[in-house]
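Visitor: Before anything else, here's the structure in question.
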Amino acid sequence: MRAFLCLLAAFVLVACSDKEDKITLFEKGIRALSYEAYDVAVHYFERSCYAGFAKSCEQAARLYQEGMGTKTNHEKALELLIEGCENDARMCLLVAQYDSPQLSKQQAQRLYEEYTDRACKMGHVSACEELALQNNGRKATSYLRFACKNADAHCDGAKFYAFAGAFYFHQDERERAIPFLDKACKEKDKTSCHILGLALSEKDEMDAAFGFFERACALGEAQSCKAMLAESYDVKPSVVRQTRERLCALGDARECLNVAKELINEKRGKSKSQAESFYRKAMDLCEDECDHIKQEWQDFKNPQPKKDEEKPQIHESRI
């Protein structure tokens, strides 16, 4: 009988016991929404919200904002979202971004700053990143530290610099990224060295970019090794060989094959045995074009004898 009365309330606005928990109230609000009984839904969502369930605050605020089941009331909608913000960082962002015709530009800006800051400090990564972009100096760095911590990243020393540098780089804030990347690279963070090389190459500082690619390559960053072999750099043959050997060691079958071919062409004493080891490694590593590598390997092991040059014919008149 009690269950029947609760269901009937969705149509006749009869509330069930005040002792119902916040989850049950939320579920009843959702059920009322499914019947388009918006006034009943507002009632349940509000009760659930003030009992501490943030999702209900969002639902009730939406109904007040859109005037569904009640008169449009932006002040009440904001009140409910602020209530939800006590337990949920995402609700704080909804407060910060709330669009109300009743708010002046100054009020909206203060609301944005206060509640975006609160969302960040409650653990919302994107809120921290947004504030890091909008501020400068120590304040921006402070928000980035919050972002790094909220992202469950290890934020000590070089790891923070790497996080901050990569963030600014991917936000197209190259000038802000470079100091952080440089600090992380000096601490031997290979990814930061590589990204710094990219940032400098975009500024046409090619010599400096090459230096960072070279450092990253030495630390084991394959993409930097490949960047060093680009046509835009005039690299010494010995550096090309060393870079290809590094790429081979990092698992690049194509570069293992290239080194093997170079060694065959050198025709030095140990070149053949060295070439064989690189051919074998290329075979072990290849994922595609393996047939091509296998054929070259077979040609290397079983070279075809050269055809004898045709003997010059002696003209009869000379006999």
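Visitor: Once the dipole of the chain is set up with Lys and Arg at +1 and Asp and Glu at -1 on Cβ about the Cα centre, which of Cys148, Ala218, Gly165 lies farthest towards its positive end?
Guide: Value computed over the given set: Ala218.
Visitor: Continuing with the same structure: Place +1 on the Cβ of every Lys and Arg and -1 on the Cβ of every Asp and Glu in the chain, take the dipole about the Cα centre, and give the residue among Val125, Ala199, Tyr50 whose Cα lies farthest towards its positive end.
Guide: Farthest along the dipole direction, towards plus: Ala199.
Visitor: Can you sort His194, His43 so the residue with the fewest Cβ neighbours within 10 Å comes first?
Guide: Result, fewest neighbours first: His43, His194.
Visitor: What are the extents of the Cα atoms of the chain along their three principal axes, listed from largest to smallest and rounded to whole Å?
Guide: Rounded to whole Å, the extents work out to 127, 51, 38 Å.
Visitor: Then there is this: Please return the longest range in the chain lying between exposed loop sites, taking trypsin sites (Lys or Arg not before Pro), DSSP loop only, at most 16 other beta-carbon atoms within 10 Å, and leaving the sites out.
Guide: 72-187
Visitor: Then there's this: Using Cβ counts within 10 Å as a stand-in for footprinting exposure, how do Ile30, Ile195, Ile178 rank, fewest first?
Guide: Listing Ile30, Ile195, Ile178 from fewest to most nearby Cβ atoms yields Ile30, Ile178, Ile195.
Visitor: Using a simple charge model, +1 on the beta-carbon of Lys and Arg, -1 on the beta-carbon of Asp and Glu, nothing else, what dipole does the stretch 18-176 show about its Cα centre, in debye to the nearest 20?
Guide: Dipole of the stretch 18-176, to the nearest 20 debye: 380 debye.
Visitor: Going by C-beta contacts inside 10 Å, put Leu250, Leu198, Leu63 in order with the fewest on the left. If you can, show how the numbers build up before the last one.
Guide: On the way: Leu250 15, Leu198 18, Leu63 24.
So the residues, fewest neighbours to most, are Leu250, Leu198, Leu63.
Visitor: Let me know the charge dipole size of the chain about its Cα centre in debye, to the nearest 20, where only the beta-carbon of Lys, Arg (+1) and Asp, Glu (-1) is charged.
Guide: Value, rounded to 20: 860 debye.
Visitor: Which entries of Lys188/Lys226; Lys22/Lys76; Lys22/Lys121; Lys139/Lys159 show an alpha-carbon separation above 22 angstrom in the structure shown?
Guide: In this structure, Lys22/Lys121 exceed 22 Å between Cα atoms.
Visitor: Could I ask something else about it? For the stretch 166-296, count the residues as N, evaluate 2.2 N^0.38 Å, and divide the Cα radius of gyration by that value, please.
Guide: Numbers: Rg = 17.1 Å, N = 131, 2.2 N^0.38 = 14.0 Å.
Here the answer is 1.22, to two decimals.
Visitor: Would the stretch 108-151 count as rounded, prolate or oblate if I go by the C-alpha gyration tensor, calling it rounded below 1.5 in a/c and otherwise prolate when a/b exceeds b/c, oblate otherwise? Before the final figure, lay out each step's value.
Guide: Numbers: a/c = 2.28, a/b = 1.22, b/c = 1.87.
Oblate.
Read the figures in this text as sums done on the coordinates, not as results from a lab. As the structure is a prediction and not an experimental result, all values here were calculated from the model. Cβ: placed from backbone, ideal geometry, glycine included. Neighbour counts: every protein chain shown.
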